[in-house]
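Some notes on the structure that comes next.
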Amino acid sequence: MTRRPGLFFEILLYGSISVAIGVFFQWINCPYCMTQPDLILQNIGYSLMLGLGLFFNKFLYGLAIGPYTSWIDKPIRAVFISLGVTTLYSGLVIFVTNWLWFSAVQGMPFGVFLRDFPGIWVTEFVILYFISLWFYARTFFLDWKKEIKQQEMLKREALSAKYDVLKSQVNPHFLFNSLNVATSLIDKSPDRAKHFLSRLSGMYRDILELQDDDLVSLERELKLASRYLYLQEMRFGSSFHYNLPTDGLKSYKIVPLSVQLLMENAFKHNRFSAENPMKIDVLIKNGYLVVRNSRNELNSDADSLKLGLENLRGRYQYLTGQDIEVIHSRGVFEVHIPLININ
């Protein structure tokens, strides 16, 4: 219902422009005709038939051309396809309109029209290409504006995701729990406490260094993940198990702190214990890094989980043009992260 009034006024606008152009050329070519009401009405009818047929190029573009062209990614291809289809369609409209009007309505042999009025064909094609040029320029700038807005949105999401990852690791709860573990180890095992604090400081150093990089080696990303899992292992003991890949890590790059965020989500959003441990597996498969954890979800932070994944998706789309895949299955949660092959 909302589109009909808009379409009606659009057709009315195009019809008015067509009539105005027709009357203008009639005034230039035949001033005498402007004193004859019947000739003016004939010209209006002809202009409406031709003009509305040509302006239908806009709808033809939206249905048959627009979905298969991109003015941002392949502008030259878009120009050739658009002008080619427009020329074929408009040539058909010009031919049919002139044949109907001059031969069927006015009784003029069409061969006589072709011979005696070649200027009409040329003028109509010139007007067509001016209209098309305006329309294509408008479409290009609208697509360009849309692309700019989308890139800005993805950039904001990427920055937000970096901030969320950093914030999640420097939050008071994580520090409090980590320092409690270190405190309990100081009396029991000073060497382990020293090693624990070394891993903790190393993890924060890596986070601060990696957060400003667009891409990092998979080897370095998993080194950070290993430090994080060690700290969690000291806290939770045998309540979870994990496996990390060791081969082929230098061949790939990845958006930094991606694995870190997914592991943080696994600990934050699932129940686990020594009797029912959580399992975390990280593996390389078909050009993706698969981060998989057993699923026994808490209900309180579902919105937080969704937001974190959307932020990660935004970072990947902005930095690589690729998308992550999220797979929910019975008892398992997987995220497939595209890897950038540096070879």
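No value in this document is a laboratory result; all are computed from the given coordinates. The structure presented is a predicted model; accordingly, all values stated were derived computationally and were not measured. Cβ: placed from backbone, ideal geometry, glycine included. Neighbour counts: every protein chain shown.
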note = For the Y129, L179 Cβ pair and Förster radius 51 Å, calculated FRET efficiency rounded to 0.05 is 0.10
remark   = In this structure, among K74/K146; K223/K279; K146/K250, pairs with alpha-carbon gaps over 27 Å are K146/K250
query = In whole angstrom, how far apart do the alpha carbon centroids of the stretch 14-54 and the stretch 71-135 sit?
reply = 17 Å
ask   = Along the charge dipole of the stretch 171-341, Cβ charges K/R +1 and D/E -1, which of P190, N293, Q232 sits furthest on the positive end?
value = P190
inquiry  = Suppose each label sits 7 Å from its Cα in the direction of the beta carbon; what would the A274-I17 distance come out to in nanometres?
reply    = 7.8 nm
request  = Arrange I28, I186, I207 by Cβ neighbour counts within 10 Å, fewest through most, would you?
outcome  = I28, I186, I207
note = Ranked from fewest to most other Cβ atoms within 10 Å of their own Cβ, E147, E275 fall in the order E275, E147
